[in-house]
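No lab work stands behind these numbers, since they all come straight from the coordinates. Every value quoted in this text rests on a predicted model; they were computed, and no experiment measured them. Every residue, glycine as well, gets a Cβ built from its backbone with ideal geometry; the counts of neighbours run over all protein chains shown.
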Ligand code: NAD
């Protein structure tokens with residue numbers, strides 16, 4: 001069975017630990033690979049190497065770092081089919097969706113190609129007589145990324161292209177459920193000319209994560225995953241004096257106003273609720289039907305959810321692939337059981353789906369609940385599967401209130417033809433990423449990605465200028481070159497004259 005190792009100092013290395021994790025092909029349910037899980041000493045060793053690499057990498061002119069990014073971009077494009085297949089083989093999502101997620105990661109690399117411009121500081125001449133002042137942004141040192149299973153290429157690529165382009169060196173601890181893509185990206189970075197030790201992949205579980213949190217040479221931690229772990233990462237990074245951004249889980253709402261283009265809203269919901277089998281932090285898992293639109297909305301949604309084509313990710317006809325693991329499949333099914341017990345009306349039940357030839361795959365069909373209310377656990381908790389809940393409310397204000405009261409605040413959308421409703425929604429809603437007639441409002445690489453409330457712990461989002469700020473520290477220099485006259489000691493607070 002193939003064993004996935006670490007990638008450190010420019011090469012594949014086994015490390016010292018013999019602990020291994022299982023990697024499945026969700027389409028068949030077969031375990032096809034194993035992954036080595038690092039010990040604390042494996043992680044510490046990788047950090048030592050990254051620390052050494054920082055000395056030279058951080059001094060390289062930003063233009064040279066950008067050139068590595070340009071080459072890396074080319075290599076991703078050239079190898080995109082292979083990378084996409086790796087995602088499908090271990091995550092399960094359908095090929096075109098996996099390719100789209102790789103493209104969203106590629107866009108961050110393209111953004112990082114502009115690093116010489118992005119790192120330009122500010123300069124003020126003559127802030128006092130013959131005194132100039134300027135600010136610069138310098139890299140932090142060794143930084144780490146800990147990533148979830150659901151975007152094995154895109155989420156790591158939210159982090160490392162910018163971190164590296166800023167002059168840092170990087171330790172990536174990918175999800176142990178689908179680690180192969182990260183290793184391949186590391187090989188491509190090397191091929192692009194990145195010096196050894198600048199980008200390292202250390203596979204592992206909690207032990208590796210805890211080693212990251214306690215290693216004194218790691219200056220910043222970027223995390224994406226579930227909310228309880230995000231909180232743990234946030235607290236422990238701060239305790240160990242590290243800069244931290246920790247993105248957590250979500251429960252996203254799509255508000256369907258009575259005046260909207262209903263076909264547009266239904267199609268938007270289908271893709272946003274069931275795409276990637278609902279395993280997206282920006283999945284729209286709650287449709288909020290306002291006024292009298294509810295009956296027509298559920299009628300159209302039911303028809304489409306029943307017709308959803310579920311199958312292996314490599315099958316061109318599949319619209320939705322399997323879930324990532326058997327445990328996760330069981331968890332999602334148990335939420336559907338719970339919804340029925342809680343009194344929601346299950347209109348489409350995907351629990352008993354069986355695919356001929358793929359009987360052991362981790363499949364579930366699309367599920368649709370109507371008459372879900374805000375006190376139900378299926379409304380409050382993140383299910384992370386293809387389960388769409390319809391909540392009916394009377395007014396726009398009621399829709400906005402339930403969204404603002406929810407503990408998560410990652411993404412949200414509204415479908416309406418009313419400009420006033422759209423504008424008020426964008427202005428008042430307590431959520432970090434907002435769509436107006438757009439189902440999944442994921443910001444582009446040159447803007448920043450991040451939710452509010454318990455969907456993000458820390459101060460900065462991913463990529464865009466937030467990424468540049470997160471991976472650099474600000475230095476402000478005040479300078480005078482005296483010509484002739486030397487000043488005497490001054491014992492009062494200096495003010496500029
Ligand atoms: P997860 O929290 O289980 O795992 C994320 C990472 O944390 C993995 O690398 C894992 O190895 C590590 N980890 C898991 N348990 C740990 C523990 N007890 N101690 C230390 N580290 C631990 O998340 P997941 O199941 O891989 O991913 C799905 C979750 O990620 C969902 O909640 C989803 O909403 C969230 N997510 C959020 C965003 C966002 O941008 N907000 C994006 C993608 C995914």
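Efficiency by 1/(1 + (r/R0)^6): what FRET value for residue 70 and residue 217, r their Cβ-Cβ distance, R0 = 35 Å, to the nearest 0.05? Walk me through the numbers on the way to the answer.
On the way: r = 29 Å, r/R0 = 0.84.
According to the calculation, E is roughly 0.75.
Under 1.5 on a/c is rounded, so check that first for region 134-255, then, if it is not, pick prolate when a/b is larger than b/c and oblate when it is not; a ≥ b ≥ c are the square roots of the alpha carbon gyration tensor eigenvalues. Note, shape of region 134-255 comes out rounded.
Mind checking the full-extension length gain between residue 306 and residue 469? Use 0.36 nm per residue of separation minus the Cα-Cα distance, one decimal, nm. Let's see the in-between values first.
Values: separation 163, 0.36 × 163 = 58.68 nm, distance 4.60 nm.
Contour length minus Cα-Cα distance gives 54.1 nm.
By the beta-carbon count within 10 Å of each Cβ, the least crowded to most crowded order of 387, 336, 412, fewest first, is 336, 387, 412. Against the chain, whose longest principal axis comes from its Cα atoms, helix 262-274 is set at around 70 degrees.
Please label the shape of region 16-70 as rounded, prolate or oblate, based on the square roots a ≥ b ≥ c of the eigenvalues of the alpha-carbon gyration tensor (a/c under 1.5 means rounded; beyond that, a/b larger than b/c means prolate, else oblate). It is oblate, given that a/c is not under 1.5 and a/b is not larger than b/c. Panel order for 371, 328, 406, 6, by other beta carbons found within 10 Å of each beta carbon, from fewest to most: 371, 328, 406, 6.
Counting only alpha carbon atoms, the long axis of helix 227-239 and the longest principal axis of the chain meet at about 20°. Computed from Cα atoms, the angle from the helix 62-78 axis to the main principal axis of the chain rounds to 30 degrees.
Considering only the chain, what is the antiparallel percent among its DSSP beta bridges, to the nearest 5?
Taking every DSSP beta bridge with both residues in the chain, the antiparallel ones total about 45 percent.
So between residue 426 and residue 373, what do we pick up on full extension, going 0.36 nm a residue minus the alpha carbon distance?
Values: separation 53, 0.36 × 53 = 19.08 nm, distance 2.36 nm.
Result for the pair: 16.7 nm of gain on full extension.
The Cα center of region 183-202 and the Cα center of region 386-409 differ in position by 44 Å.
Each helix, a run of at least 4 DSSP H residues, gives -39500 (n - 2.57); summed and divided by the residues of the chain, these come to -12000 deg cm²/dmol at 222 nm.
Relative contact order for the chain: what is it in percent, counting Cα pairs under 8 Å that are at least 6 residues apart? Kindly include the intermediate steps, with their values, before the conclusion.
Details: 1180 pairs, mean separation 91.8, N = 497.
Relative contact order of the chain: 18 percent.
Tell me whether region 353-409 comes out rounded, prolate or oblate; compute the Cα gyration tensor, take square roots of the eigenvalues as a ≥ b ≥ c, and use a/c under 1.5 as the rounded threshold. The shape class here is prolate. In region 252-436, the DSSP beta bridges split such that about 10 percent are antiparallel, to the nearest 5. When all C-alpha to C-alpha distances in region 266-378 are sorted into bins of 10 Å, what percent of pairs does each bin hold, rounded to whole numbers? Histogram of Cα-Cα distances, whole percents per bin: 13, 47, 33, 7, 0.
When only Cα pairs under 8 Å and 6 or more residues apart are kept, what is the percent relative contact order across region 211-324? Before the final figure, lay out the partial values.
Details: 160 pairs, mean separation 22.4, N = 114.
Once divided by the residue count of region 211-324, the mean separation gives 20 percent.
For the pair region 442-479 / region 250-279, the C-alpha centres are spaced 28 Å from each other. At the listed q of 0.11, 0.13 Å⁻¹, the Debye profile of region 219-320, built from one uniform point per Cα, gives log10 I(q)/I(0) equal to -0.51, -0.64.
The simple spin-label model puts a point 7 Å past each Cα toward its Cβ; for residue 20 and residue 491 those points are separated by 7.4 nm.
Provide 62, 455 in ascending order of the number of other Cβ atoms located within 10 Å of each residue's Cβ, fewest first.
Numbers: 62 17, 455 26.
Ascending Cβ contact count within 10 Å gives the list 62, 455.
Here the contact order of region 252-436, divided by its residue count and restricted to Cα pairs under 8 Å and six or more residues apart, works out to 28 percent. The packing ranking of peptides 165-171, 417-423, 289-295, highest mean first, is 165-171, 289-295, 417-423, where packing means the average number of other beta carbon atoms within 10 angstrom of each residue.
Size descriptor for the chain, Kirkwood hydrodynamic radius: 23.9 Å (Cα pairs only, one decimal).
State the antiparallel share, in %, of DSSP beta bridges confined to region 369-497, rounding to the nearest 5. Could you put the intermediate results ahead of the total?
On the way: 3 of 8 bridges.
For region 369-497, the DSSP antiparallel bridge percentage is about 40.
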